[in-house]
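**Q** Sharing a structure below in C-alpha cells format, with a few things to ask.
The values are calculated or read from the model by the stated rules, or taken from the named source; none is laboratory data. Since we're looking at a predicted model, the values are computed, not measured. In this analysis, Cβ positions are derived from the backbone assuming ideal geometry, glycine residues included, and neighbour counts consider all displayed protein chains. The accessibility values were calculated without ligands, DNA or RNA, using every heavy atom of the protein model including side chains. Shrake-Rupley method; radii C 1.70, N 1.55, O 1.52, S 1.80 Å.
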2 protein chains.
Amino acid sequence: MPTTQQDQLSATFAALADPTRRAILARLATGEATVNEIAEPFEVSLQAVSKHLKVLERAGLISRGRSAQWRPCRLTAEPLEDVSDWVSRYRAFWDSGFDRLDRRLREIQKGQNGEHDDH
Amino acid sequence: MPTTQQDQLSATFAALADPTRRAILARLATGEATVNEIAEPFEVSLQAVSKHLKVLERAGLISRGRSAQWRPCRLTAEPLEDVSDWVSRYRAFWDSGFDRLDRRLREIQKGQNGEHDDH
C-alpha cells in the first residue's frame, strides 16, 4: 500500500510528465515570475498556463505569493530533491553499463545458438 | 513544441508516477523476473501487473525476453539516467538551500511589515 511520501512522489512525477510544465520550471529556475511573464514564451493560452501552474503548485514544485494582484511563482526544490534521491538508487545500473553489457552478452549467446541451430 | 526526446522524458515521468510501477522497478533492480515472480508480493491481479509492465515497457524502463513461455523482464537504465540528468540541473536549488533561505527572508519581511502596520 502506498505511503503518503510515495503518493507525494507520484504527484511529483505526474506533474513532471509534461514538457510545458518542465519548461515552466526551467523558467522559474532563473527567478520568480508572474503568470503573464511565464506565459509569454509559450504558444498556449493564459488559461492553459494557469492550469499547468495549478498542477505544479499541488505537487509542491512551485509556490505562489500572497498578494492578489502580483502573485509571483517560484520554484520549490524539495520535491526535485526527492526525485533525485529516488533515481540515484539506480545509478549503479547506468554507471556500470551493466544492462548494456548484459544485453550484449545475450545477443552474442543468441547468435551462437542461432549458428548451432543451422548445423 | 516538444521534441521527441522531451516526449520520451514525459513518458518516463508518467510511467514513474505510480507506486506499484516504482516497486516493480525496485524488484527488477535485484535481477530479472517473470510476470508471476513480479506479481507475487503485490495485492493486485496478474492482469493489473501485466498492464503496469506494458506501461514500463513502452517507456523503455524495462525490456522483456523473446521466449513466449519464459519472458523475463529486466530493468533498462537509460531512461532513469535521463531523469537523473534532468533533475541534476536543479541541484543548486536544494544544495544551497536557496529556496528555504528565500522563503525565511520573506517571512521575516512579512513579519516586519505586519509590525509596521500595527503601529
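**Q** Using the structure shown, decide if A:Asn113 is modelled with pLDDT under 90 and either away from chain B (no Cβ under 11 Å) or under 23 Å from B:Ser84 (Cα atoms) (or both). So that I can check it myself, show each step before the final result.
**A** Working: modelled with pLDDT under 90: yes; either away from chain B (no Cβ under 11 Å) or under 23 Å from B:Ser84 (Cα atoms) (or both): yes.
Yes.
**Q** Now a separate question. Taking the conditions exactly as written (part of a loop (DSSP other than H, G, I, E, B) and either within 12 Å of chain B (Cβ to nearest Cβ) or at pLDDT 95 or above (or both)), does A:Glu81 satisfy them or not?
**A** On the way: part of a loop (DSSP other than H, G, I, E, B): no; either within 12 Å of chain B (Cβ to nearest Cβ) or at pLDDT 95 or above (or both): yes.
Considered against the rule, which asks whether it is part of a loop (DSSP other than H, G, I, E, B) and either within 12 Å of chain B (Cβ to nearest Cβ) or at pLDDT 95 or above (or both), A:Glu81 comes out as no.
**Q** Could you tell me which numbered condition B:Leu25 fails, if it satisfies all but one of (1) at pLDDT 90 or above; (2) under 16 Å from A:Leu16 (Cα atoms)?
**A** So the condition that B:Leu25 fails would be (2).
**Q** Also, I was wondering about something else. Filter region A:59-73 down to the residues that are more than 15 Å from A:Asn36 (Cβ to Cβ), open to solvent by 20 Å² or more (accessible area, probe 1.4 Å) and at pLDDT 85 or above and list them by number. Spell out how you get there, then give the answer.
**A** Narrowing region A:59-73 to residues more than 15 Å from A:Asn36 (Cβ to Cβ): A:59-63, A:66.
With the extra rule that they be open to solvent by 20 Å² or more (accessible area, probe 1.4 Å), the set shrinks to A:60, A:63, A:66.
A:Gly60, A:Ser63, listed by residue number.
**Q** Residues in region B:64-76 that are under 15 Å from B:Arg27 (Cβ atoms) and either without any contact (Cβ under 8 Å) to a residue 24 or more places away in the chain or in a strand (DSSP E or B) (or both): how many? Lay out the reasoning, then the answer.
**A** Quick first cut of region B:64-76, residues under 15 Å from B:Arg27 (Cβ atoms) only: B:64, B:72-76.
Okay, now just the ones that are also either without any contact (Cβ under 8 Å) to a residue 24 or more places away in the chain or in a strand (DSSP E or B) (or both), so B:64, B:73-76.
Adding up the residues that qualify gives 5.
**Q** In region A:17-35, is there at least one residue being out of contact with any Phe, Trp or Tyr (no Cβ under 7 Å at 6 or more places or on another chain), aliphatic (A, V, I, L, M), in a loop (DSSP other than H, G, I, E, B) and within 12 Å of chain B (Cβ to nearest Cβ)?
**A** no
**Q** Follow-up question, since we're still on this one. Considering region A:63-85 alone, what residues qualify as being of a type in the set (A, V, I, L, M) and within 12 Å of A:Leu16 (Cβ to Cβ)?
**A** We begin by selecting, within region A:63-85, every residue of a type in the set (A, V, I, L, M); these are A:68, A:75, A:77, A:80, A:83.
If the condition is that a residue be of a type in the set (A, V, I, L, M) and within 12 Å of A:Leu16 (Cβ to Cβ), then A:Leu80, A:Val83 are the ones that fit.
**Q** Only one of these is open to solvent by 10 Å² or more (accessible area, probe 1.4 Å) and over 18 Å from B:Ala77 (Cα atoms): B:Gln47, B:Gln8. Name it.
**A** Numbers: B:Gln8 fails: over 18 Å from B:Ala77 (Cα atoms).
So the residue among B:Gln47, B:Gln8 that is open to solvent by 10 Å² or more (accessible area, probe 1.4 Å) and over 18 Å from B:Ala77 (Cα atoms) is B:Gln47.
**Q** Could you check how many residues of region B:75-89 are of a type outside the set (A, V, I, L, M, F, W, C) and open to solvent by less than 40 Å² (accessible area, probe 1.4 Å)?
**A** Residues of region B:75-89 of a type outside the set (A, V, I, L, M, F, W, C): B:76, B:78-79, B:81-82, B:84-85, B:88-89.
Then drop every residue that is not open to solvent by less than 40 Å² (accessible area, probe 1.4 Å), which leaves B:76, B:79, B:84.
Total meeting the criteria: 3.
**Q** Could you please find all residues in region A:36-52 being under 21 Å from A:Ala14 (Cα atoms) and outside any helix (DSSP H, G or I)?
**A** A:Phe42, A:Val44
**Q** Please enumerate the residues belonging to region B:22-40 that are within 29 Å of A:Ala59 (Cα to Cα) and open to solvent by 30 Å² or more (accessible area, probe 1.4 Å).
**A** Within region B:22-40, B:Ala23, B:Ala26, B:Arg27, B:Ala29 meet the criteria.
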